[in-house]
Amino acid sequence: MTITIRQAGPDDAAAVLALVTALAVYEKEADKVKMTEGGARDALAGGRLHALLGFAGDEAVAIALYFFNFSSWTGKRGLFLEDLFVAPDLRGQGVGLDLLKRLAALAVATDCGRMEWHVLDWNDSAKGFYARFGARPAIGWETWRLEGVALRDFGAG
């Protein structure tokens, strides 16, 4: 099966939301998705959300959602992969690898110092997939988060 990969635009908001939701279901966190189609459209139009989409014909079957950050250590911006999802029936066919290679090429072309992402601690198949092309965990670093009420309360003073 041929998969066509292209940059997502505002008209792809429904596809982006559907694939993010499918990822959340896979990660057993479906109730955590708060993004709406309108919110995705606005974020795509405003350049706050970037994504590569993989299509089988007209159907969106894969996504690599990313954003740019900045590293004070490298003195350059970085590319952060927020979400990577490939429809279950297409896994193992190189779609995820193609998405990641395109992101790596984008990172190089835009002078990023690094490309990073998170992996759930229980997702051994993803860890094995990433390790095959040389990615390694950032040992000693944990992700910490403020969200919801805690974020609001802390920000209020």
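The values are calculated or read from the model by the stated rules, or taken from the named source; none is laboratory data. As the structure is a prediction and not an experimental result, all values here were calculated from the model. All Cβ positions, glycine included, derive from the backbone under ideal geometry; neighbour counts span all protein chains shown. Ligands, DNA and RNA are excluded from the accessible area calculation, which covers all protein heavy atoms including side chains. Shrake-Rupley method; radii C 1.70, N 1.55, O 1.52, S 1.80 Å.
Taking the residues in region 136-157 that are in contact with a helix residue (DSSP H, G or I) (Cβ under 9 Å, 6 or more places away or on another chain) and among the basic types (Lys, Arg) as candidates, determine which candidate is nearest to Trp117 (Cα to Cα). Top of the filtered list is Arg136. The condition of being within 19 Å of Leu84 (Cα to Cα), in contact with a helix residue (DSSP H, G or I) (Cβ under 9 Å, 6 or more places away or on another chain), open to solvent by less than 50 Å² (accessible area, probe 1.4 Å) and among the charged types (D, E, K, R) holds for only one of Asp31, Asp12, that being Asp12.
Within region 27-42, work out how many residues are in a helix (DSSP H, G or I) and more than 14 Å from the chain's Cα centre (by Cα).
First, the residues of region 27-42 that are in a helix (DSSP H, G or I): 30-32, 37-42.
Now drop any that are not more than 14 Å from the chain's Cα centre (by Cα), which leaves 30-32, 37-39, 41-42.
Of the residues in that region, 8 qualify.
Filtering region 95-119 to residues that are under 20 Å from Lys76 (Cβ atoms), among the β-branched types (Val, Ile, Thr) and in a helix (DSSP H, G or I) leaves only Val108.
Residues in region 69-84 that are of a type in the set (A, V, I, L, M, F, W, C) and either modelled with pLDDT of 95 or more or open to solvent by less than 40 Å² (accessible area, probe 1.4 Å) (or both): Phe70, Leu79, Phe80, Leu81, Leu84.
Restricting region 85-105 to residues that are open to solvent by less than 50 Å² (accessible area, probe 1.4 Å) and free of Cβ contacts under 8 Å to residues at least 40 places away in the same chain, the residue that is farthest from Tyr66 (Cα to Cα) is Gly94. Here the condition is being open to solvent by 90 Å² or more (accessible area, probe 1.4 Å) and among the acidic types (Asp, Glu); of Asp124, Asp153, it holds for Asp124 alone.
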